[in-house]
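The values are calculated or read from the model by the stated rules, or taken from the named source; none is laboratory data. Computed from a prediction, not measured in an experiment: that's the story for all the values here. Ideal geometry is used to build each Cβ from the backbone, glycine not excepted, and the neighbour counts take in all protein chains shown. SASA here: full protein model, heavy atoms, side chains in, ligands and nucleic acids out. Shrake-Rupley method; radii C 1.70, N 1.55, O 1.52, S 1.80 Å.
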Amino acid sequence: ANSPQLNESGEMPQQEPTEMQTDSCGVEVGDLCLVSYQEGDSKGLYQAKVVDISERFGHCKVEWLEEGWGVSQVSLEDIELCHSIPVDEQQMKLLKYRCLVDHVAQETGATMKFNKQQKVVEVACSKDRLAPVTEFLDSLTTYQMEQVPVPSDKVGKLVGTQGSTKRAVEQQTGTVLDIPARKGQQEHVTVTILGPEEFMKVAATAIANVIEGKWSQRTHVVKVEPGQVPFILGKGGVTIKDIVAQSGAKLEVSKGKGNVKITGNEEQVTKAEEMVQAIVTRPRPPPRRREGDAEDPE
């Protein structure tokens, strides 16, 4: 976007406040932020520093980081806070894929920018949305990459109308797909699968099924007793990972409610449900009586 027009004093023009009542805005004096500012048909995000706040009127004063722009009054609704999160080599390697940045933006509503030189991710979002972004970045330490060649004439089928098939495959498999555009007359396009190691095979199978016209998706919820959930998960998640690996389905477990959500094609869902049912119906010995426990009355 083009830079907004400065006033006669060489500063950004002021935006008139409207009196309003707001809850705690989460913005503090000294915060770095991105401000959405519109001048005519030109609208963009500009870096600034908060120097004063008036929650009663729903606005604050910011000092623009652009040289010579001075101080302006802007609406709190137009501010997104900036947070710099350090990343390691593994995270940096993965974040070069734009699809991961777009994925977290869709999931959290945050705006992200990867700063390679400073080895940080610059995040623009309210403070209450920062935790999901941090959790996602932390999860990248478990991510792997696998490349799958896809015939160029099948790429459109994998993407789907406005990306619908790609999103569905990602949701089913718990992965993110990087699908580059075809270059020249190349016969194949290399699709990169990004996600936890246990989901790599599931995603590769889903891609193959889409290409062959065999892919379908359905979701089934199995209700179990909350006390059975630890048996489904297994120590360190080993049991649920085994179910995913053997069935090819994606499982999501609600610990409090005892809901096991299974997503995949018909065969995958059926296989996963059978494995879950086998676990919860398996006979188990009663818990050991601890020393001092009272005997059961006859």
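Remarks
- Residue satisfying condition, being within 29 Å of Q147 (Cβ to Cβ), surrounded by fewer than 17 Cβ atoms within 10 Å (Cβ to Cβ) and either modelled with pLDDT of 90 or more or of a type outside the set (V, I, T) (or both), within set T190, T219: T190
- Residues that are of a type outside the set (K, R) and out of contact with any Leu (no Cβ under 8 Å at 6 or more places or on another chain), drawn from region 105-129: A105, Q106, E107, T108, G109, M112, N115, Q117, Q118, V120, E122, D128
- Once region 222-279 is narrowed to residues that are closer than 17 Å to N209 by Cβ and among the charged types (D, E, K, R), the residue that is surrounded by the most Cβ atoms within 10 Å (Cβ to Cβ) is K250.
- Those strands (runs of 3 or more DSSP E) lying entirely in region 1-113 with at least 1 residues at pLDDT below 70 and open to solvent by 30 Å² or more (accessible area, probe 1.4 Å): 32-39, 42-54
- Filter result (out of contact with any strand residue (DSSP E or B) (no Cβ under 8 Å at 6 or more places or on another chain), more than 26 Å from K183 (Cβ to Cβ) and open to solvent by 40 Å² or more (accessible area, probe 1.4 Å)) within region 114-138: Q117, D128, R129, A131, P132, E135, D138
- Tallying residues that are under 27 Å from E28 (Cβ atoms) and not β-branched (V, I, T) within region 75-102 yields 10.
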